[in-house]
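Notes to accompany the following structure.
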Amino acid sequence: MRNATETIGASGACRTLHTARPLVLIALGAINAAGTEVGTTDKSQYTLFNPTPREHMRELSADRPDLTETPFTVDAGHFQIEMDAVKYSYNNDKSIRTESLSVGVMNLKVGLCNRADLQLVLEPYTWERIRDRGAGTTERHRGFGDITTRVKVNLWGNDGGTTALALMPFVTFPTSQDDLGTDAVEGGLIIPFAAELPAGWGMGATTAMGYLEDADGSGCHPEFINTVAFGHDIAGKLAGYIEFFSLVSTDDDAPWIGSVDFGFTYGLTEDIQMDAGINVGVTSSADDFNPFCGITWRF
């Protein structure tokens, strides 16, 4: 049951949104007016408060299941949920074995305008077990994870062309329980790129730069992620991909993390897509394997 303070706060939020609406519309209009692909429908008039009609919406595109982000945004005024139904990680490194299980990790998206969307990444529940066989100890952690906010702005290719590029700044807040996340506010910039290739192949690539907390908590350091993925239709609505992932950290003695990833997607409808895959570590510091399955739902 909500108390009086929560009720007053909710009413105040509604009034603030109503008052700020003209300013929001001006800002969204400026992003929309940045450009329209040649030969495509002008969709610059559509915003969060004036949703894109069904007949002008893009094909469903998601930032999952691979680790390569897509440069395409959610259509203005529409919502999208991208969720890991379940994700498991296993790593056996020398005398330490680490296992983790995450349930319901989700990315909630809303289209602000034709070229930008707002995202909220939540980690509702994670279970982790760390066994140190040398010391004969076992640690267990469970609970809520960190919260990340992201804004994706497409620079070109959202509605046409053979390539697309976007900018996606992000901020992570230390909301986790039981040492499951960071202890400091972290942030960075993700740059997703996509291109059409011959013979029905598609390519995606991501470069990301983050400023993260040091392992010992003494400060912060930059990290760099690079990925490249290749995808192709297999049969009907079934498609597959292969991906290469690399993470390089400037933290003291931090090893290079690399993996080769495989997965499949299946389109149930124009707005619902199922997926499953596995990420396989190719360096000793990466998880040995990380299977997962999930869903994307647009409405």
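The values are calculated or read from the model by the stated rules, or taken from the named source; none is laboratory data. Predicted model only: the values in this text are computed from it and were never measured. We place every Cβ from the backbone using ideal geometry, glycine too, and count neighbours over all the protein chains shown. Side chains are part of the model used for accessible areas, which takes the heavy atoms of the whole protein and leaves out ligands, DNA and RNA. Shrake-Rupley method; radii C 1.70, N 1.55, O 1.52, S 1.80 Å.
Quick one: what pairs do we get from region 170-193, first residue more than 22 Å from P124 (Cβ to Cβ), second among the charged types (D, E, K, R) and assigned to a loop (DSSP other than H, G, I, E, B), C-beta under 6 Å, 6+ apart or different chains? So the pair list comes out as I190/E69; P192/E69.
Total residues in region 205-219 satisfying the condition of being over 15 Å from F170 (Cβ atoms) and surrounded by fewer than 16 Cβ atoms within 10 Å (Cβ to Cβ): the figure is 6. Residue by residue through region 131-161, note down the ones that are of a type in the set (A, V, I, L, M, F, W, C) and assigned to a strand (DSSP E or B). The answer is I147, V151, V153, L155, W156. Please go through region 162-190 and give me each residue that is small (G, A, S), more than 20 Å from C113 (Cβ to Cβ) and part of a strand (DSSP E or B), ordered by number. Within region 162-190, G187, G188 meet the criteria.
Looking only at region 73-124, which residues are charged (D, E, K, R), open to solvent by less than 30 Å² (accessible area, probe 1.4 Å) and assigned to a loop (DSSP other than H, G, I, E, B)? Explain how you work it out, then say what you get.
Step one: list which residues in region 73-124 are charged (D, E, K, R), which gives 75, 82, 84, 87, 93-94, 97, 99, 109, 115, 117, 123.
Now narrow it down to the ones that are open to solvent by less than 30 Å² (accessible area, probe 1.4 Å): 75, 82, 84, 99, 109, 115, 117.
Selection gives D75, R115.
Residue by residue, here is whether (1) within 20 Å of the chain's Cα centre (by Cα); (2) of a type outside the set (V, I, T) holds:
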| residue | (1), (2) |
| --- | --- |
| I147 | yes, no |
| V151 | yes, no |
| L155 | yes, yes |
| N158 | yes, yes |
| F170 | yes, yes |
| I191 | yes, no |
| L197 | no, yes |
| A208 | yes, yes |
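Screening the candidates T227, T250 for the property of being among the polar types (S, T, N, Q) and within 19 Å of the chain's Cα centre (by Cα) yields one hit, T227.
Matching residues to (1) acidic (D, E); (2) touching a residue at least 60 places away in the same chain (Cβ under 8 Å); (3) in contact with a Cys (Cβ under 8 Å, 6 or more places away or on another chain):
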residue	(1), (2), (3)
T227	no, yes, no
D233	yes, no, no
Y241	no, yes, no
T250	no, no, no
D253	yes, no, no
Y266	no, no, no
T269	no, no, no
A276	no, yes, yes
